[in-house]
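A.B. asks: First, the structure itself, so that you have it in front of you.
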Amino acid sequence: MAKQSVVVTGIGLVSSLGEGVETHLRQLAGASAPQPIIEAGAYAPALVHPLPPIDWSTQIERKGDLRQMETWQKLGTYTAGLALDDAAIPEDEAFRSTIDMIVAAGGGERDETVDALVMARSRGAEDPRADINELLMTELRPTLFLAQLSNLMAGNISIVHKVTGSSRTFMGEESAGISAFHVAASRIAAGQSRICLVGGAFSAQRKDILVNYELGDYLLHAPWQPVFSRSGKGGFTPGAMGAFLVLESAQSAAERNVPAYAKLGFVAGDRGPRDEEALAARLSRMFADSGADARDLMVLSGATGLQPITDVERRAIAARYPDAALRAYGNAMGHGMEAQFGMGLALAAAAVSRGAMPAPADGGEERPADFTPRQALVTTIGHVRGEGVGLLEAIG
């Protein structure tokens, strides 16, 4: 069977900038870079890009479904619905039963109130195990156990949106998102899938996960700085976000008579030692394999701002694409772990479809560009491990 072209026919986006393709393009491709929306006080010393106000009921109608979901599942289910609507997927259950799904998910959410109660009861106790067991049995809502299962995001999407084809869930921070899109695109290209809903979500406004990142010394503290201006050890600002795309074979899109945003020409991921030479070599190889044309190229970097990996990425891009328009989309919306790569692909597809160039961030590391992007290279370098590269190309 001949290799199928993979196109993007639907995009669902939510970040601190708002929701939807138009909202994001309007702010990112304006005369100047948008002022980042940051919550600094509630999670000090961490800086967090919060969720915008969302009416969950527009995509998740049943109150019972909403009650059993924590924020990250609501966000993923909501954003998936936006992508399906954007791709003009009919609500017919028979049709939706043919749609495959791949989700990149984290480890769920904790009940912070119960955590605090457990710690308070345990403090000073000689053997707190009995108290802990009692609290877990009496204080935790039964539905919270569902919220802690990674594959329940896919389950909720299936229940709410009736997407009941094959389903896969990948878990593992940025690498999960990279693998999700790599597998989805590969299956469509090989003729093993026609339409696939793929993406992830990240709830950043969680004290439990912020403590983990702080203990690892990964977080940026005030004052906020653009990604490529972060010196010393650097750091990232967690960003609440959801990004789902409908990937489809070009033949299927033509048969459905729906327009495509862009062609997904390449997706690859890798991982290995994080010494500077080895990381640079892996990135250079993926850049070469992508086939990206250096002329009129936009590079949307999902860099964290952590050093030295951010500088390694920037140097590798400059070496191969010295004239590319480099933009770090984390400046506007933060770092979204499992959703980070999908967010970059979504923004790239939307930008090349409209010929829109995001404005450069302050700091001087991002230069103005006077061309209309026809290709966009997307990168995501995981904060600990995993690297991914994707190429979006304009259609026509």
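The values are calculated or read from the model by the stated rules, or taken from the named source; none is laboratory data. Worth saying up front: this structure is predicted, and the values here are computed from it rather than measured. Using ideal geometry, Cβ is built from the backbone for each residue, glycine included, and neighbour counts are taken over all protein chains shown.
A.B. asks: Under 9 Å between Cβ atoms, at least 6 apart or on separate chains: pull out the pairs that start in the stretch 376-392 with a residue that is of a type in the set (Gly, Ala, Ser) and surrounded by fewer than 24 Cβ atoms within 10 Å (Cβ to Cβ) and end on any residue that is in a strand (DSSP E or B) and at pLDDT 95 or above.
C.D. replies: GLY386/GLY269; GLY386/ASP270; GLY386/THR380
A.B. asks: Which residue pairs have Cβ atoms closer than 7 Å, lie 6 or more positions apart in sequence or on different chains, and pair a first residue in the stretch 186-210 that is more than 11 Å from VAL6 (Cβ to Cβ) with a second residue that is of a type in the set (D, E, K, R)?
C.D. replies: Qualifying pairs under 7 Å: GLY200/GLU338; PHE202/GLU338; SER203/GLU109; ARG206/GLU109; LYS207/GLU112; ASP208/ARG110; ASP208/GLU112; ASP208/ASP115.
A.B. asks: Please work out if ALA130 is surrounded by fewer than 16 Cβ atoms within 10 Å (Cβ to Cβ), free of Cβ contacts under 8 Å to residues at least 12 places away in the same chain and among the small types (Gly, Ala, Ser). Reasoning before the result, please.
C.D. replies: On the way: surrounded by fewer than 16 Cβ atoms within 10 Å (Cβ to Cβ): yes; free of Cβ contacts under 8 Å to residues at least 12 places away in the same chain: yes; among the small types (Gly, Ala, Ser): yes.
So ALA130 fits the description; yes.
A.B. asks: Check ALA294, ALA319 and return the single one that is in the same structural domain as ARG271 (by TED's automatic domain parsing), part of a helix (DSSP H, G or I), surrounded by fewer than 20 Cβ atoms within 10 Å (Cβ to Cβ) and small (Gly, Ala, Ser). Give the steps one after another, and end with the answer.
C.D. replies: Values: ALA294 fails: part of a helix (DSSP H, G or I).
When all the criteria are applied, what remains is ALA319.
A.B. asks: Looking only at residues that are part of a loop (DSSP other than H, G, I, E, B) and of a type in the set (Asp, Glu) in the stretch 34-61, which one is modelled with the highest pLDDT?
C.D. replies: The residue in question is ASP55.
A.B. asks: Now, a different point. Could you list, in sequence order, all residues of the stretch 104-143 that are within 27 Å of THR77 (Cβ to Cβ) and either among the basic types (Lys, Arg) or at pLDDT 80 or above (or both)?
C.D. replies: From the stretch 104-143, those within 27 Å of THR77 (Cβ to Cβ) are 104-115, 136, 139-143; that's our starting set.
Passing the criteria: ALA104, ALA105, GLY106, ARG110, ARG141.
A.B. asks: Looking only at the stretch 235-249, decide whether some residue is in the same structural domain as LYS74 (by TED's automatic domain parsing), surrounded by fewer than 18 Cβ atoms within 10 Å (Cβ to Cβ) and not aromatic (Phe, Trp, Tyr).
C.D. replies: First pass over the stretch 235-249, keeping only residues in the same structural domain as LYS74 (by TED's automatic domain parsing): 235-249.
Then keep just the ones that are surrounded by fewer than 18 Cβ atoms within 10 Å (Cβ to Cβ); that gives none.
Scanning the stretch 235-249, I find no residue that is in the same structural domain as LYS74 (by TED's automatic domain parsing), surrounded by fewer than 18 Cβ atoms within 10 Å (Cβ to Cβ) and not aromatic (Phe, Trp, Tyr), so the answer is no.
A.B. asks: Say we look at the stretch 193-230 and pick out the residues that are more than 30 Å from SER249 (Cα to Cα) and polar (S, T, N, Q); which of these is surrounded by the most Cβ atoms within 10 Å (Cβ to Cβ)? Give the steps one after another, and end with the answer.
C.D. replies: Filtering the stretch 193-230 down to residues more than 30 Å from SER249 (Cα to Cα) leaves 203-230.
Those still in the list that are polar (S, T, N, Q) too: 203, 205, 212, 225, 229.
On the way: SER203: 24, GLN205: 16, ASN212: 12, GLN225: 19, SER229: 18.
Ranking the qualifying residues of the stretch 193-230, first place goes to SER203.
A.B. asks: Let me ask another. Determine which member of the set SER32, SER97 is in the same structural domain as GLY239 (by TED's automatic domain parsing) and either among the aliphatic types (A, V, I, L, M) or in contact with a Ser or Thr (Cβ under 8 Å, 6 or more places away or on another chain) (or both).
C.D. replies: Working: SER32 fails: either among the aliphatic types (A, V, I, L, M) or in contact with a Ser or Thr (Cβ under 8 Å, 6 or more places away or on another chain) (or both).
None of the other options fit; the residue is SER97.
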